[in-house]
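Asks: Dropping a structure here in structure tokens format, bear with me for questions.
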Amino acid sequence: MYKIESKNVDFFYGPSQALKNINIAIKPNTVTALIGPSGCGKSTYLRLFNRMNDLIDNTRISGQVLIDNEDIYAKGINVDSLRKKVGMVFQKPNPFPKTIFENVAYGLRVNGISDKKFIEERVETSIKQVALWEEVKDKLKKPAFELSGGQQQRLCIARALAIQPSIILMDEPTSALDPISTAKIEALIYELKSKYTIVIVTHNMQQAGRVSDTTAFFYMGELIEHGNTKTIFTNPKIERTQNYITGRFG
Amino acid sequence: MKLPDEHKLAKRKMRGQAIAFWIFRILSYAIIAILFSILSFIIYKGASSISWGFITKMPEEGMTKGGIYPAIIGTLCLVAGSMIFAFPVGVLAAIYMNEYVKDGIIKKIIKQMTNNLAGIPSIVFGLFGMSLFVNKLGFGDSILAGSLTLGLLALPVVIRTTEEVLKAVDNTFRHASLGLGASKWETTSKVVLPIAFPNIITGLILSIGRVSGETAPILFTVAAYFLPKLPTSVFDQAMALPYHLYVLSTSGTNIEESRPVAYGTALVLIIIVLIANLLANGLRKYFGRKVKMN
């Protein structure tokens, strides 16, 4: 049984087609890396899973995207509850202009939870999950902007975890971070895998190799190859994949 | 091809740069100089007539003596009244335009209309205010009619600045909030507005500056030529500083003798705008801090 499946997915920005007939199936509790040159459609594809592309005017999708066997583009789907199930982490750390505590509590509050004790527990658990608790436990009432970039990004992951999603989407989560913060996030991704299904867009081949179980290579809106990361990196079936991974183009 | 002598080339480049920068520098200083000469001229001419009595007394002897108290109060009422109308309407319209309307023909039309509204001469606002608020709605020459007319004038300024401010809020904040299952309204009110609020205040500053100095819109809607008493309700007529200044300089009983009062009035008007700006700036800083601590 798959956690996420896309069947014959086409996606259009106005008249231009950004994704062409994408078929991928993702197993639960795995990390899937989406790689490919800029503009290949990998970020667009990622944003299909929590319907973030809905926010862009004049876009159109055809085909099916299934999460837990349910078509998330079917009529009558509640986008808010879909997004509760599918957390997202962005390229640049983007904590809200609120305290550290309120940043993590935000998702709970907008989902109608007001029990103080429960919120405090969820906040603490989520911050502990991203290994940030020791660093921030004495300054939960301080603005999140006062944290370093790496800490902010971990806080953003905690913010996503607080509402207990089952899928986490990451759009180049370390591209704005230094190597040490990057290593921490990568270790975290590895940890989180036991509880969540993770899809990560990355430009960093080594990162894809280090954190992912399967890798999907996109090129000009097409899925060129999807398979076991080790196989993709050592013995890809298609030459273009090999050329990209070894840095001969892209 | 012979390449130009490097030393000479460098020299030529430096000279060109120096000339350009000097022109920019002189022009920038010229702006400051113009501002200062206006200010010092008004202060020089008007300072002598400023006294405690001048700002707290009623005008006397055909407006050549006494104070301008009712005009100050009138202007403050009009500024407050127009902002009470224009600020919420303008901010809400801008939120609607930036956060809700999809790109397309409707958005274009609203935008173009806002720009057109900004381009209408203020005297036309005055005429419109007279026919709608004073006559049709029966408010008469009143603070209410004048405030609404001034509010209409300020509306495009508020809408445009608020829209720019909202546009400057990074989209990833919206996406992060929506991504957590927040609705569009929760995202707007809990994330976007707190970030944007300090700068929305700037829109308020700009429109206060604009509104307090306008003469034409109040000409037919509220302004009294001479009314030595304070308004008691929004349906009263009132004096106002810019109109008072106009009256003193063109149609007073004795223009020459009331000259010092006119300059004094101008100085008071400028000081009021200045105080409003400082106040709004203070508010902006205060809210800026609060947003971070929230």
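Asks: Ratio to report: Rg/Rh of the stretch A:163-250, with Cα atoms as the point set and Rh obtained by the Kirkwood method; give two decimals.
Replies: A ratio of 0.98.
Asks: If I build a Gaussian network model for chain B, linking alpha-carbon pairs within less than 10 angstrom, which residue out of B:Leu206, B:Leu150, B:Leu35 has the largest mean-square fluctuation?
Replies: B:Leu35
Asks: Given Cα pairs under 8 Å that are at least 6 residues apart, what percent is the relative contact order of chain B?
Replies: Once divided by the residue count of chain B, the mean separation gives 26 percent.
Asks: Cα extents of the stretch B:1-109 along the three principal axes, largest first, in whole Å?
Replies: Ordered largest first, the stretch B:1-109 gives principal extents of 84, 53, 19 Å.
Asks: Where in chain B are the DSSP H helices whose C-alpha atoms run 24 Å or more along the long axis and whose mean Kyte hydropathy is at least -0.5?
Replies: B:6-46, B:69-95, B:143-168, B:193-213, B:255-293
Asks: Over the protein assembly as shown, consider all pairs of different Cα atoms and compute the Kirkwood hydrodynamic radius from their mean reciprocal separation; express it in Å, one decimal.
Replies: When all Cα pairs of the protein assembly as shown are included, the Kirkwood radius is 28.2 Å.
Asks: I would also like to ask the following. Between B:Thr114, B:Thr188, B:Thr172, find the one with the highest GNM mean-square fluctuation for chain B; connect C-alpha pairs within less than 10 Å.
Replies: Its mean-square fluctuation being the largest, the pick is B:Thr172.
Asks: May I pose another question? Quick one, what does Rg over Rh come out to for the stretch B:45-102 if you take C-alpha atoms and the Kirkwood Rh?
Replies: Result: Rg/Rh = 1.36.
Asks: What number results when the radius of gyration of the stretch B:22-64, computed over Cα atoms, is divided by 2.2 N^0.38 Å?
Replies: Here the Cα radius of gyration is 1.86 times the empirical estimate.
Asks: Moving to a separate point now. With θ set to phi - 60° and the Karplus curve 6.51 cos²θ - 1.76 cosθ + 1.60, what are the ³J(HN,Hα) couplings of the stretch B:225-232 in order, to the nearest whole Hz, using x for Gly and Pro?
Replies: Karplus values, whole Hz, x for Gly and Pro: 5, 8, 8, x, 8, 7, x, 10.
Asks: Per residue of the stretch A:158-167, in order, report the coupling 6.51 cos²θ - 1.76 cosθ + 1.60 (Karplus, θ = phi - 60°) as ³J(HN,Hα) in whole Hz, putting x for Gly and Pro.
Replies: 4, 4, 6, 6, 4, 8, 6, x, 10, 10
Asks: Here's something else I'd like to know. Using amide H atoms built 1.01 Å from N in the peptide plane, name the residues 5+ places from A:Thr197, or on other chains, whose amide H lies under 5 Å from its own.
Replies: Excluding prolines and chain starts, which carry no amide H, the hits are A:Asn29, A:Ile167, A:Ile168.
Asks: Once you keep just the Cα pairs under 8 angstrom separated by 6 or more residues, what percentage relative contact order results for the stretch B:63-205?
Replies: 32
Asks: Here are some pairs, A:Lys98/A:Lys141; B:Lys107/B:Lys167; A:Lys142/A:Lys184; A:Lys42/A:Lys193; A:Lys42/A:Lys92; which of them have Cα atoms lying more than 19 Å apart in this structure?
Replies: Pairs exceeding 19 Å: A:Lys142/A:Lys184; A:Lys42/A:Lys193.
Asks: Taking springs between alpha-carbon atoms closer than 10 angstrom, which of B:Phe24, B:Phe87, B:Phe41 fluctuates most in the Gaussian network model of chain B?
Replies: Fluctuation is largest for B:Phe24.
Asks: Also: Given a Förster distance of 22 angstrom, what is the FRET efficiency for A:Glu146 paired with A:Glu121, based on the Cβ-Cβ distance and rounded to 0.05?
Replies: Efficiency at R0 = 22 Å is approximately 0.35.
Asks: Also, I was wondering about something else. Where both partners of a DSSP beta bridge lie in the protein assembly as shown, what percent of those bridges are antiparallel, to the nearest 5?
Replies: The antiparallel fraction comes to roughly 60 percent.
Asks: Another question, if that's okay. Determine, from the Cβ-Cβ distance of B:Lys136 and A:Asp57 and an R0 of 45 Å, the FRET efficiency 1/(1 + (r/R0)^6), rounded to the nearest 0.05.
Replies: Plugging the Cβ-Cβ distance into 1/(1 + (r/R0)^6) gives 0.70.
Asks: Report Rg (one decimal) and Dmax (nearest whole number) for chain A, counting Cα atoms only, units Å.
Replies: That works out to 18.2, 56 Å for Rg and Dmax.
Asks: Related question: Rounded, prolate or oblate: which one fits the stretch B:206-266, using the alpha carbon gyration tensor with axes a ≥ b ≥ c (rounded when a/c is under 1.5, else prolate when a/b beats b/c, else oblate)?
Replies: Note, shape of the stretch B:206-266 comes out oblate.
Asks: Return the FRET efficiency for the residue pair A:Trp133, A:Gln206: r is the Cβ-Cβ distance, R0 is 30 Å, and the value is rounded to the nearest 0.05.
Replies: Efficiency, rounded to the nearest 0.05: 0.55.
Asks: Amide H of A:Gly63 versus every other amide H placed in the peptide plane: which residues, excluding those fewer than 5 positions away on the same chain, fall under 5 Å?
Replies: Close amide H contacts, sequence-distant or interchain: A:Asp10.
Asks: Related question: Distance between the C-alpha centers of the stretch A:26-80 and the stretch B:177-243? Whole Å please.
Replies: Spelled out, the Cα-based centre of one part sits 44 Å from the other.
Asks: Let me ask another. Rounded, prolate or oblate: which fits the stretch B:52-138, taking a ≥ b ≥ c as square roots of the Cα gyration tensor eigenvalues, rounded meaning a/c under 1.5, else prolate when a/b beats b/c?
Replies: prolate
Asks: Short version: ³J(HN,Hα) in whole Hz for each residue of the stretch A:144-151, in order, from phi by Karplus 6.51 cos²θ - 1.76 cosθ + 1.60 (θ = phi - 60°), x for Gly and Pro, what are they?
Replies: For the stretch A:144-151, the Karplus-derived couplings read 5, 5, 7, 6, 6, x, x, 5 Hz, x marking Gly and Pro.
Asks: Considering amide H positions built from the backbone, and no H for Pro or chain starts, which residues 5 or more places from A:Ala33, or on another chain, come under 5 Å of its amide H?
Replies: Distant-sequence amide H within range of A:Ala33: A:Ile200, A:Asp213, A:Thr214, A:Thr215, A:Ala216.
Asks: Can you give the calculated 222 nm mean residue ellipticity of chain A, where each DSSP H run of n ≥ 4 adds -39,500 (n - 2.57) and the sum is split over every residue, rounded to the nearest 500 deg cm²/dmol?
Replies: -10000 deg cm²/dmol, from helical runs alone.
Asks: Between the alpha-carbon centers of the stretch A:171-250 and the stretch A:126-143, tell me the distance in whole angstrom.
Replies: With the stretch A:171-250 and the stretch A:126-143 each reduced to a Cα centre, they are spaced 29 Å.
Asks: Which three numbers, in whole Å and largest first, are the semi-axes of the equivalent ellipsoid of the stretch B:52-293 derived from its Cα gyration tensor as √(5λ)?
Replies: 39, 20, 13
Asks: Using the reciprocal of the averaged 1/r over all distinct C-alpha pairs, how large is the Kirkwood radius of the stretch A:1-52 in Å?
Replies: 12.0
We did not get these values from a lab; they are worked out from the coordinates using the rules stated. Since this is a predicted model, take the numbers as computed values, not measurements. Cβ atoms come from the backbone with ideal geometry, glycine included; neighbour counts cover every protein chain shown.
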